[in-house]
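Asker: Handing you this structure, nothing more for now.
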Amino acid sequence: MKTQVVIIGAGPSGLLLGQLLHNAGIDNIILERATPDYVLGRIRAGVLEDGLVSLVREAGVAERMEREGLPHDGVKIAFNGEIRRVDLHKYSNGRQVVVYGQTEITADLMDARKASGAPAVYSVENLKICDVRSDAPYVLYEKDGKQERIDCDYVAGCDGFHGVSRKTIPDNVRKEYEKVYPFGWLGMLSDTPPISDELIYGISERGFFLCSMRSEVRSRHYVDVSLDEKVEDWSDDRFWNELSSRLPEEVRGDLVTGPALEKSIAPLRSFVCEPMQYGRLFLVGDAAHIVPPTGAKGLNLASSDVNYLYRVLLKVFKENKPEAIEQYSELCLRRIWHAERFSWWMTSMLHNFGDEIDRKIMNSQLDFYTGTEVGQRVIAEQYVGLPYEEVS
């Protein structure tokens, strides 16, 4: 087989890149080690930046998002027992975010891929990326016990932190930066109405909490827990009681409880791999970077990588500018480090770690950034998402 671009990974970033390329007439094949049901079973992010919303529209798969997504013009931050609202619309030049689950985006993109007839191969094994430093890279994989080979022009590694793409870059070329936080987020999904019409991030004496949503009838709540906690030790009642104890009094009575649809503990870390390009291999999304979820940047950062790679490949295939690939890593990393800093900063302000003076300083920061126009603008512009740079 031969194609122009092999995309490794059928998560939302791989599927979005594939759809954009297909619409532009650039042939691509998607390879995924898991099954479609497994991919759709991942419960992940649900806050979409302005840039990701625009990309989904550009890919032509926005119909259900436009119908079911929840546009949010603000976000709420609770501390010292009170709730303050950051006006995203006002302080980001009229932009907003949209609450729409990553699972839903993935399903929409899978449907679009199937309707397009573009190939996507699931349940592949023993995948290997070869000769990416040459002009003729290729990918080997096994399917149903038979080895297959795809010759291509470029490879997009959208296969996550544990995939093969990043490991294809030699140890003496890539540099990895990592910070592991001393806690995780215990999250619970339930068919209960949200406690508020906008997300509430909060910090209390008992710790962090987040009241989020997937729709007007489905909620996603989080509390931070130590890394030695086990999810099976958390009954639904224990979770709801702990969350309630952390909520400000003004909204505690609005909490509606119910049985868990899903419950899990996610450790928090910051991670970046440099460079994000090696020859004709490009890293996209979690293959190159991970952020704490506090700033809602994980899926959105992956989409910015998709944006840059798509624009670069348009230059290559439509304008005959193969040198355009050289700017990919720099463009991506500039935005990634901004998001890593924002996510670290939000995490630091909203969790009880560090010594007493750290907590006092972070409390002062919360007061300033939620209580002044200058501070709210800093949060709003970064939460809604920094603009994408032009690709030359």
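No value in this document is a laboratory result; all are computed from the given coordinates. Computed from a predicted structure; not experimentally measured. Neighbour counts are summed over all protein chains in view; Cβ atoms, including those assigned to glycine, are modelled from backbone coordinates with ideal geometry.
Asker: In nm, give the distance between the simple-model label positions of Trp337 and Lys360, each being 7 Å from the Cα along the Cα-to-Cβ direction.
Answerer: With each label point 7 Å from Cα toward Cβ, the separation is 3.3 nm.
Asker: Among (1) 57, 26, 14; (2) 37, 22, 20; (3) 36, 29, 18, only one was calculated for this model; which label is it, if the read-out is semi-axes √(5λ) of the Cα gyration tensor in Å?
Answerer: (2)
Asker: Efficiency by 1/(1 + (r/R0)^6): what FRET value for Leu40 and His89, r their Cβ-Cβ distance, R0 = 45 Å, to the nearest 0.05?
Answerer: FRET efficiency, Leu40 to His89: 0.90.
Asker: At a Cα cut-off below 25 Å, give the lysines reachable from Lys263, other chains included and same-chain residues fewer than 8 away excluded.
Answerer: Excluding near neighbours in sequence, the set is Lys76, Lys179, Lys230, Lys297.
Asker: Then there is this: Extending each Cα 7 Å along its Cβ direction at Ser392 and Asp237, get the distance between those two points in nm, one decimal.
Answerer: The modelled label-to-label distance comes out at 6.5 nm.
Asker: Which of rounded, prolate, oblate describes segment 142-301, given a ≥ b ≥ c as roots of the alpha-carbon gyration tensor eigenvalues and a/c under 1.5 marking rounded, otherwise prolate only if a/b is larger than b/c?
Answerer: Here segment 142-301 falls in the prolate category.
Asker: Still on this model: GNM on the chain, C-alpha springs below 10 Å: top fluctuator among Asn363, Asn93, Asn300?
Answerer: Asn93
Asker: Kindly provide the helix-only [θ] at 222 nm of the chain, computed as the sum of -39,500 (n - 2.57) over DSSP H runs of four or more divided by all residues, to the nearest 500 deg cm²/dmol?
Answerer: So the calculated ellipticity at 222 nm is -11000 deg cm²/dmol.
Asker: Here is a further query. Counting other beta carbons within 10 Å of each residue's own, what order do Lys263, Lys175 fall into, fewest first?
Answerer: Lys175, Lys263
Asker: Right, here's the next one. Would you list which aspartates and glutamates come within 14 Å of Lys175, measuring only between C-alpha atoms, while excluding same-chain residues fewer than 8 positions from it?
Answerer: Glu274
Asker: Next question. Can you list residues whose amide H is under 5 Å from Leu261's amide H, if they're 5+ apart or on another chain and H is modeled 1.01 Å from N?
Answerer: Leu189, Ser190, Asp191
Asker: If each residue's Cβ is checked for other Cβ atoms within 10 Å, how do His22, His162 rank with the fewest at the top?
Answerer: Ordered by Cβ neighbours within 10 Å, fewest first: His162, His22.
Asker: Return the long-range amide H neighbours of Val75 (sequence gap of 5 or more, or a different chain), with a cut-off of under 5 Å between placed amide H atoms.
Answerer: Val86, Leu88
Asker: Charges at C-beta only: +1 for Lys and Arg, -1 for Asp and Glu. How large is the resulting dipole of segment 74-126 about its Cα centre, in Debye rounded to 20?
Answerer: 320
Asker: Let me ask another. Hey, which of these cross-link pairs are over 21 Å Cα-Cα: Lys2/Lys318; Lys114/Lys167; Lys2/Lys128?
Answerer: Lys114/Lys167
Asker: Taking the simple approach of a point 7 Å from Cα along Cα-to-Cβ for both Asp135 and Ala115, what is their distance in nm?
Answerer: Computed distance between label sites Asp135 and Ala115 equals 4.0 nm.
Asker: For segment 101-147, give the magnitude of the charge dipole about the Cα centre (Cβ charges: +1 Lys/Arg, -1 Asp/Glu; no others), in debye to the nearest 20.
Answerer: Rounded to the nearest 20 debye, it is 140 debye.
Asker: Hey, another quick one. Between Asp254 and Gln4, what length comes free when the chain is fully extended (0.36 nm per residue of separation minus the Cα-Cα distance, one decimal in nm)?
Answerer: The Asp254-Gln4 span can extend by a further 84.7 nm.
Asker: Listing Thr370, Thr106, Thr257 from the residue with the fewest other Cβ atoms within 10 Å to the one with the most, what is the order?
Answerer: Going from sparsest to densest Cβ surroundings: Thr257, Thr370, Thr106.
Asker: Be a star and scan segment 77-95 for residues whose amide nitrogen sits under 19 Å from the point 7 Å along the Cα-to-Cβ vector of Ser196.
Answerer: What the label zone holds, given the 19 Å backbone N cut-off, is 77-92.
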